[in-house]
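The values are calculated or read from the model by the stated rules, or taken from the named source; none is laboratory data. The structure displayed is predicted, hence computed values, not measured ones. Here Cβ is always computed from backbone atoms with ideal geometry, including for glycine, and neighbour counts include all displayed protein chains.
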Amino acid sequence: SSRYLTQRALSLLHDAALTACDTTDAVRDSIIGNPAACHFDPAALQCGCASAPGTCLTAGQVQAAKRIYAGAIDPTDGRLLYPGLSPGSEPFWGAFATPGRPFPIPVSYYTWLVFGDSTWDWRTFDLSKPSDHRAYLESEARLTP
């Protein structure tokens, strides 16, 4: 799908994030030492009419990257539920952003601790659905110290 972040897309994102933010800590060392000061926008990589294949991101990939950087947002009130990933972390996204194979730890968490249902299907989860939102909030209240 045009929204999946392939290894090539992750490399493009990482290279662009480094170019934009490597020196936010005043040192050029291929490390984003101050990710909070990085204001990289993946839209800068979106394909245009004359873009060569593999040199840019589709609109869907740009949106996916923006969502990963932004973190999980509560659709009912806009509150940040989980922080996003920092610019510079893109090489590690493949562990959980592989199409059809999500990272197993959160899937197990939601299967057993949020829904308590061995038949729960991660592909149907949507925080904007009242039942999923309620299950999430109840589990947070129950499991957060």
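Each residue in segment 37-81 was checked for being β-branched (Val, Ile, Thr), in contact with a helix residue (DSSP H, G or I) (Cβ under 7 Å, 6 or more places away or on another chain) and in a loop (DSSP other than H, G, I, E, B), and 1 of them qualify. Looking only at residues that are of a type in the set (A, V, I, L, M) and either in the same structural domain as TYR82 (by TED's automatic domain parsing) or assigned to a helix (DSSP H, G or I) (or both) in segment 118-139, which one is surrounded by the most Cβ atoms within 10 Å (Cβ to Cβ)? Here the residue is ALA135. Selection of segment 46-75 for residues being more than 17 Å from GLY94 (Cα to Cα), of a type outside the set (Gly, Ala, Ser) and modelled with pLDDT of 90 or more yields GLN46, CYS47, THR55, CYS56, THR58, ILE73, ASP74, PRO75.
Among the candidates LEU137, LEU127, the residue that is within 22 Å of the chain's Cα centre (by Cα) and touching a residue at least 24 places away in the same chain (Cβ under 8 Å) is uniquely LEU127. Here is a check on your reading of the model: is ARG142 assigned by TED's automatic domain parsing to the domain that holds ASN34, exposed (fewer than 10 other Cβ atoms within 10 Å of the Cβ), over 30 Å from THR23 (Cα atoms) and modelled with pLDDT under 95? In short, no. When the residues of segment 95-145 are filtered to those that are of a type in the set (S, T, N, Q) and in contact with a helix residue (DSSP H, G or I) (Cβ under 7 Å, 6 or more places away or on another chain), the one that is nearest to ARG79 (Cα to Cα) is SER139.
From the list VAL107, VAL62, the lone residue that is surrounded by 14 or more Cβ atoms within 10 Å (Cβ to Cβ), of a type in the set (A, V, I, L, M) and not assigned by TED's automatic domain parsing to the domain that holds CYS21 is VAL107. Residues in segment 87-119 that are under 27 Å from GLN61 (Cα atoms), of a type in the set (Phe, Trp, Tyr) and free of Cβ contacts under 8 Å to residues at least 12 places away in the same chain: PHE92, PHE96, PHE103, TYR109. Can you work out which of the residues in segment 16-36 that are surrounded by fewer than 13 Cβ atoms within 10 Å (Cβ to Cβ) and out of contact with any helix residue (DSSP H, G or I) (no Cβ under 8 Å at 6 or more places or on another chain) is nearest to SER86 (Cα to Cα)? Here the residue is ALA36. Considering the conditions (1) surrounded by fewer than 15 Cβ atoms within 10 Å (Cβ to Cβ); (2) not assigned by TED's automatic domain parsing to the domain that holds LEU10, PHE115 is excluded by exactly one of them, (1).
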